[in-house]
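First the structure, in the form of structure tokens, and then the observations on it.
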Ligand code: E4P
């Protein structure tokens, strides 16, 4: 499973760069760097990590979105153009895929959106599990359903579990065999932490001191 970091914080990306396969951003995530120049920030992120960096369009209509997507794709060779799972977004996806530009179809909330994204040649489709949970649905059931559908075909589209809120989302995504996941830094950090590892280390260090050294 590819693991992406869901952030535009270059320091966090540098901290975890050895463990991640890429980065995902969205307009809200980028806006956390209030005074930054958008293009320079995206370029810096693309230099910091070698894998795909998802950068989202903000246009909503086909022609504008297509032009914006092409412009974004030129920022760096590892940019992945993030498009919404709308009628226009999926049309743009089909066009960009045909031109060999990688895409991440975002704001996916249904199996049918995912199916159309795959048929349009999307590189990734991002179902938002946390936001599904927020409205009383089961986000991970959506992942299961999409993977089940994709399993019957040879689509190259990877299911990228997004809007991750806790470690169980990550564990369940791995169990279901999702192709990718994007996690905020605070959740990735939890993958390394366990109180038993900490206490075990402490015991080993104390016991080691009891030995004589020559
Ligand atoms: C990633 O591609 C998404 O933009 C992100 O995971 C959304 O997460 P949120 O629902 O916590 O904003």
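Couple of notes before you dig in:
- Counting only helices (runs of 4 or more DSSP H) that sit completely within the range 102-207, those holding 1 or more residues that are more than 14 Å from the ligand (Cβ to nearest atom) and in contact with a helix residue (DSSP H, G or I) (Cβ under 8 Å, 6 or more places away or on another chain) correspond to 111-119, 139-151, 167-176, 185-190.
- Residue in the range 187-200 that is buried (at least 20 other Cβ atoms within 10 Å of the Cβ) and touching a residue at least 24 places away in the same chain (Cβ under 8 Å) present: yes
Bear in mind these aren't lab numbers, they're just calculated from the coordinates by the rules spelled out. Since this is a predicted model, take the numbers as computed values, not measurements. Quick reminder, even Gly has a Cβ in these numbers, built from the backbone with ideal geometry, and neighbours come from all protein chains shown.
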